[in-house]
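Engineer: Okay, here's the structure, questions in a sec.
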Amino acid sequence: MCREELTGISHNAYYAVMRMTLSIPDAVAHRFQVAVPARQRSRLVTRLLEEVLSKHEDSLAAACRAANRDKALEREVEDWQSFEDGVAE
């Protein structure tokens, strides 16, 4: 199912907060602590993760759309789905 097919899901609705422990190289962690004030770090990490995840999800959705347009793949799927294996679903 492509991302566009998902309905009724809002990423802007109320959400729970999860604490996570991440391993970050010392040099990067030190630069982060120096550059970003303590009360802004979670917000920045969240924004950066959202950007990366959005790009990743967009590329997956594009791949899904391309696969859905692939007529050869569609015929192959139909062939597999028509195969009787004797197993009830």
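Bear in mind that the values in this text are calculations on the coordinates, not laboratory data. These numbers were taken from a predicted model, which means no experiment stands behind them. Glycine also receives a Cβ, built like all others from the backbone with ideal geometry; neighbour counts cover every protein chain displayed.
Engineer: Taking segment 17-36, which residues are hydrophobic (A, V, I, L, M, F, W, C) and more than 21 Å from the chain's Cα centre (by Cα)?
Structural biologist: Quick first cut of segment 17-36, residues hydrophobic (A, V, I, L, M, F, W, C) only: 17-18, 20, 22, 24, 27-29, 32, 34-36.
If the condition is that a residue be hydrophobic (A, V, I, L, M, F, W, C) and more than 21 Å from the chain's Cα centre (by Cα), then Ile24, Ala27, Val28, Ala29, Phe32, Val34, Ala35, Val36 are the ones that fit.
Engineer: Here's another thing I want to ask about it. For Phe83, only one of the following conditions fails: (1) assigned to a loop (DSSP other than H, G, I, E, B); (2) in contact with a Leu (Cβ under 7 Å, 6 or more places away or on another chain); (3) not charged (D, E, K, R). What is its number?
Structural biologist: That leaves (2) as the condition not met.
Engineer: Mind counting the residues in segment 30-80 that are within 30 Å of Arg19 (Cα to Cα) and part of a helix (DSSP H, G or I)?
Structural biologist: 30
Engineer: When only residues in segment 38-89 that are within 30 Å of Val28 (Cβ to Cβ) and of a type in the set (Gly, Ala, Ser) count, which is surrounded by the fewest Cβ atoms within 10 Å (Cβ to Cβ)? I'd like the intermediate steps shown before the answer.
Structural biologist: Here is the first cut: in segment 38-89, the ones within 30 Å of Val28 (Cβ to Cβ) are 38-60.
Okay, now just the ones that are also of a type in the set (Gly, Ala, Ser), so 38, 42, 54, 59.
Working: Ala38: 7, Ser42: 13, Ser54: 11, Ser59: 10.
If we take residues in segment 38-89 being within 30 Å of Val28 (Cβ to Cβ) and of a type in the set (Gly, Ala, Ser), then Ala38 is surrounded by the fewest Cβ atoms within 10 Å (Cβ to Cβ).
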